[in-house]
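Have a look at the structure below, then the notes.
Please treat every number below as a calculation from the coordinates, not as lab data. Everything numeric here is computed off the predicted structure, so don't read it as measured data. Note that we place each Cβ from the backbone using ideal geometry, even for glycine, and neighbour counts take in every protein chain shown.
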Amino acid sequence: MPSLQSLPVLDLSRLGNAATREAFLTDLRETARNLGFFYLTGHGIDAGLVSEVLALSRRFFDLPENDKLEIQMIKSPQFRGYNRAGLEHTRGRPDWREQVDIGPEQEPRPFDRSAPAWTRLIGPNLWPAALPELKPTLLRYQQEVTKLGIRITEALAISLGQKPDVFAPIYTPAPNQLLKIIRYPGRSAEEGNQGVGAHKDSGFVTVLLQDKVGGLEVEGEEGWIKAPPIPGTFVINVGELLELASGGYLRANVHRVVSPPAHGDRLSVAFFLGARLDSTVPVLDLPAELAARVRGVTQDPQNPLFREVARNYLKSRLRSHPDVARAHHADLLSDEDRARVIASAY
């Protein structure tokens with residue numbers, strides 16, 4: 001991997017220009033292979049909507065604690081809603097961030113132990129009565145970044161010599177969606193610095209909106225690469241689904257968030273585009289010149305990857321939120337899961 005001190009910046013508008021299309025696809029493919037992270041400009045998401053999402057996120061986190069706890073995740077078998085700092089875990093250690101998880105807005109299925117376990121994840125979101133504006137704005141934003149995530153996924157497919165819709169069979173008629181609004185409280189050095197521990201993301205791609213305070217760091221060849229906010233951009237990263245599908249040609253890279261200093265905080269909004277929970281990740285037939293550069297899929301024995309999408313996603317949810325897992329899904333926990341909590345922060 002080339003030595004880098006900062007994330008590359010890619011302009012998605014180049015994809016629609018015949019004169020720059022091929023160069024953009026090459027840049028996208030090599031960036032997704034080498035670092036797996038980049039800033040994205042030319043994305044077409046309305047700046048007004050972005051500002052509204054950040055402003056409403058701030059208003060939510062400024063609510064009295066009782067208003068936030070009204071939608072506490074422990075009340076949701078679908079792992080939706082609010083978590084106080086310290087209740088989500090990465091590799092067994094608490095992440096110091098408060099957040100709200102929003103998925104697809106769906107009717108729950110009747111509980112059935114004989115049904116596939118992933119069906120338990122289908123259901124509604126939890127919304128705060130004290131901030132009714134949050135629901136329509138975040139669902140609209142989720143719809144827009146879903147479209148953007150699919151555009152990026154299609155472009156990555158083309159860059160790998162595939163048809164743009166090669167992954168459509170596993171994300172249509174509707175992909176798995178997870179949107180998080182997140183606040184990282186400031187901490188002193190003595191309190192620790194794990195905003196989110198080092199991990200990889202599941203799914204196709206992640207679309208990250210950052211406010212004004214840095215903290216995101218990406219694993220590089222010579223140490224951690226800082227990814228401070230750049231106005232008007234998103235940070236995009238490759239998920240494990242694309243690493244699996246490409247045989248390791250594309251890279252789902254390790255990253256973390258370092259807590260901001262005491263007396264400050266950091267806001268971000270992360271969107272994770274995933275495949276349908278009932279789908280299986282395909283293996284792409286890459287052109288010979290690309291196949292010759294395949295590195296193989298990285299495997300962590302403490303957090304194995306599976307091609308069955310639901311198996312990966314449910315594992316992540318159960319391990320990241322052990323309180324919800326114990327309250328609603330104790331029958332799904334293995335002895336190993338009960339003894340050890342290791343997960344991505346997806």
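Summary of values
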| item | result |
| --- | --- |
| Span-rule helices in the chain, defined as complete DSSP H runs reaching 18 Å or more along the axis (Cα) with Kyte mean at least 0.0 | 47-61, 134-159 |
| Debye, to nearest 20: dipole size of the range 9-339, +1 on Lys, Arg Cβ, -1 on Asp, Glu Cβ | 220 |
| Distance between modelled label sites at Arg293 and Ala330, nm, 7 Å Cα→Cβ extension | 5.2 |
| Over 28 Å (Cα to Cα) - which of Lys75/Lys315; Lys147/Lys212; Lys75/Lys180; Lys75/Lys226; Lys180/Lys212; Lys212/Lys315 fall in this group | Lys75/Lys226; Lys212/Lys315 |
| Net charge of neighbours whose Cβ lies under 12 Å from the Cβ of Arg293, counting Lys and Arg as +1 and Asp and Glu as -1 | +2 |
| Additional length obtainable on full extension of the chain from Glu222 to Ser188, 0.36 nm per residue less Cα span | 9.6 nm |
| Reduced Cα scattering model of the range 50-115, Debye log10 I(q)/I(0), q = 0.24, 0.28, 0.29 Å⁻¹ | -1.13, -1.25, -1.27 |
| Alpha-carbon Rg/Rh ratio, for the range 183-294, with Rh computed the Kirkwood way | 1.05 |
| Alpha carbon Rg of the range 118-171, scaled by the compact-globule rule 2.2 N^0.38 Å | 1.59 |
| Computed helical MRE - 222 nm, the chain, DSSP H runs ≥ 4 contributing -39500 (n - 2.57), nearest 500 | -8500 deg cm²/dmol |
| Using distinct alpha-carbon pairs, which all enter the 1/r mean, Kirkwood radius of the chain in Å | 20.5 |
| Gain upon complete extension [Thr280, Thr137; 0.36 nm per residue less C-alpha separation] | 48.3 nm |
| Charge-dipole axis of the chain as Lys and Arg at +1 and Asp and Glu at -1 on Cβ define it, positive-most pick from Ala23, Tyr313, Phe234 | Tyr313 |
| Antiparallel DSSP beta bridges within the chain, percent to nearest 5 | 90 |
| Contour minus Cα-Cα distance for Ala168 and Gln5 (0.36 nm per residue) | 55.2 nm |
